Amino acid sequence: MNKNSSNMMALAPNTSNKRETVCIFGTGDFGRALGHKMIQCGYPVVYGSRSTQISNLIPKDAEVLSHTEAAQKAAIIIIAIQRQHYNFLTQLEEILHGKVVVDISNNLKLNQYPESNAEYLAQLLPGARVVKAFNTVSAWALQSGALDASRQVFVCGDDMEAKQMVMNIVRALGLTPLDKGSLLAAQEIENYPLQLFPMWKFPVFLSLGLTAFFFFYCLALDVIYPYIYEKNDFSFFIALTIPNRVCPVMALTLLGLVYLPGVLAAIIQLYRGTKYRRFPDWLDKWMLCRKQLGLIALAFASLHAVFTLVSPIRSFVKWRTSKTIISQALNNKTEPLDTTNAWLSDSYLALGILGFFFFVLVGITSLPSVSNSVNWREFRFVQSKLGYVTLILSTAHTLVYGGKWFLSPSAYKWYLPNIYMLSLVVPCVVLVVKFVLIFPCVDKPLTKIRQGWERNPKYSE
């Protein structure tokens, strides 16, 4: 008897899990996409619109009413219209009093208005409980289900109960709510979707500047110099040879710039004797974009690998090889194998392959899907320990390849060093300083400082 009754209770519908009706003002792309997603998740949806005629674009299970009738049927009203059309809401002030009003709007540019759209809405409807949410999710992501890149939803508001109600809806839609605090945070939330790769600006501009510098540097030494002094036209170097020199130089330089701010931060902490003082702003910004610098460096390294693989099929390489063979045949003399050069060549290639392998490994662990699956110690081991192994291998790869030019007078055209010499400046500085920092006499006080010890406690204020 008890067993049967328990089964009947388990099969009975649970009315406590019934979703509350949600009203959406606006039948545009986002309003329709959000309503469709809510209906899929079990929410009754009613649209408030100027026109109550049913359109085939509206989700078939949704109801379309006037603004007044729709607002009366729900405790949560989502405003899916632009700020310039908010004025009609003042006519509904009495109906919206005490209800949760969710502002999902965005602007066309950063800080377009003195106050955020959500704060403006709260001024128009002083009796409503205004919450900012959903503005970081696109209509396309809701329609296609491709929410992996935009799963996080920022939520802010002055009423804790209203925020919780909205966050429950966010969770029900399979999204992740993030409480950003009071409605004062709405300005920041509204600016977020308007930022175009904010952490990539400095790395990209720096990379473009360095690329242009190294390109014209190679152009002057490898094309213009031979044309002026030797009357040789090597202008075709612009297509492949120069890019294949610029890419490895950029990869090694940027990789050095990834680890340079870390050693600078260690020096600053040793000098100050405390970790409780902020780093200079330029160093803070530099450290925040190290991941982006590393990924751009990996892109240059990948291009270098591709350029190197196609080099043997170039006409210039084939011509140079055939010229050497014909010269040996005409002179009836075969050049003996230079085992020293063979060792250098194989070592150079082996170091490059290993360096690129570790570079790819470090780059893969930078991806959010991978970094989220490892703990902090594992992530730090890959990014720091293996990162320095990558830097050492890449620097050794360049040293073995271009080291012979350091003492060769012919390498200094117009008294300028070869581009490979320039590429070694930053990584060698980083490795030398890092080598000094791992000495026990330096590492021990640095570790104490990072654990909270202070040489002069007044800086902790």
### Query
Is it fair to say K323 is surrounded by fewer than 21 Cβ atoms within 10 Å (Cβ to Cβ), closer than 25 Å to F357 by Cα and out of contact with any helix residue (DSSP H, G or I) (no Cβ under 7 Å at 6 or more places or on another chain)?
no
### Task
Select from segment 210-234 the residues that are among the aromatic types (F, W, Y) and under 16 Å from P417 (Cα atoms) and write down the one among them that is modelled with the lowest pLDDT.
Y225
### Task
Look through segment 273-286, keep the residues that are within 17 Å of R450 (Cα to Cα) and touching a residue at least 24 places away in the same chain (Cβ under 8 Å), and return whichever of them is surrounded by the most Cβ atoms within 10 Å (Cβ to Cβ).
K275
## Note on the structure
Filtering helices (runs of 4 or more DSSP H) wholly in segment 344-461 for at least 2 residues that are surrounded by 14 or more Cβ atoms within 10 Å (Cβ to Cβ) gives 387-402, 419-423, 425-437, 440-450
### Message
Kindly evaluate M287 against the criterion of being under 23 Å from L367 (Cβ atoms), aliphatic (A, V, I, L, M), modelled with pLDDT of 95 or more and assigned to a helix (DSSP H, G or I).
### Response
no
### Message
With the structure loaded, tell me whether F237 is within 28 Å of L255 (Cα to Cα), at pLDDT below 90, in the same structural domain as L257 (by the TED database) and more than 26 Å from the chain's Cα centre (by Cα) or whether it fails that test.
### Response
yes
### Lone qualifier among L142, L110 - being touching a helix residue (DSSP H, G or I) at 6+ places or on another chain (Cβ under 6 Å), over 20 Å from F30 (Cα atoms) and touching a residue at least 12 places away in the same chain (Cβ under 8 Å)
L110
### Task
Report whether or not M160 is assigned by the TED database to the domain that holds Q84, without any contact (Cβ under 8 Å) to a residue 24 or more places away in the chain and among the aliphatic types (A, V, I, L, M).
yes
### Message
List the residue pairs whose Cβ atoms are under 7 Å apart, where the first residue sits in segment 373-396 and is assigned by the TED database to the domain that holds A301 and touching a residue at least 60 places away in the same chain (Cβ under 8 Å), the second is of a type in the set (V, I, T) and part of a helix (DSSP H, G or I), and the two are 6 or more positions apart or on different chains.
### Response
G387/V362; T390/V362; L391/V430
### Query
Which residue, of I419, I438, is closer than 22 Å to P261 by Cβ and over 29 Å from the mean Cα position of the chain (by Cα)?
I438
### Summary
For R278, the lone unmet condition from (1) in contact with a helix residue (DSSP H, G or I) (Cβ under 8 Å, 6 or more places away or on another chain); (2) in a helix (DSSP H, G or I) is (2)
### Query
Which one is nearest to I81 (Cα to Cα), of the residues in segment 34-58 that are at pLDDT below 90 and of a type in the set (G, A, S)?
S49
### Task
Could you run through segment 175-196 and say how many residues are modelled with pLDDT under 90, hydrophobic (A, V, I, L, M, F, W, C) and open to solvent by 50 Å² or more (accessible area, probe 1.4 Å)?
2
## Note on the structure
Listed by first then second residue, the pairs whose first member lies in segment 200-229 and is closer than 23 Å to L298 by Cβ, whose partner is of a type in the set (S, T, N, Q), with beta carbons under 6 Å and at least 6 positions apart or on separate chains, are W200/Q292; P203/Q292
#### Entry: Among residues of segment 220-245, those that are open to solvent by 30 Å² or more (accessible area, probe 1.4 Å) and aliphatic (A, V, I, L, M), counted
5
### Query
Does segment 393-410 include one or more residues that are β-branched (V, I, T), at pLDDT 85 or above and under 33 Å from the mean Cα position of the chain (by Cα)?
yes
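The values are calculated or read from the model by the stated rules, or taken from the named source; none is laboratory data. Because the structure is a prediction, the values reported are computed rather than measured. Note that we place each Cβ from the backbone using ideal geometry, even for glycine, and neighbour counts take in every protein chain shown. The area values use the complete protein model at the heavy-atom level, side chains included, leaving out ligands, DNA and RNA. Shrake-Rupley method; radii C 1.70, N 1.55, O 1.52, S 1.80 Å.
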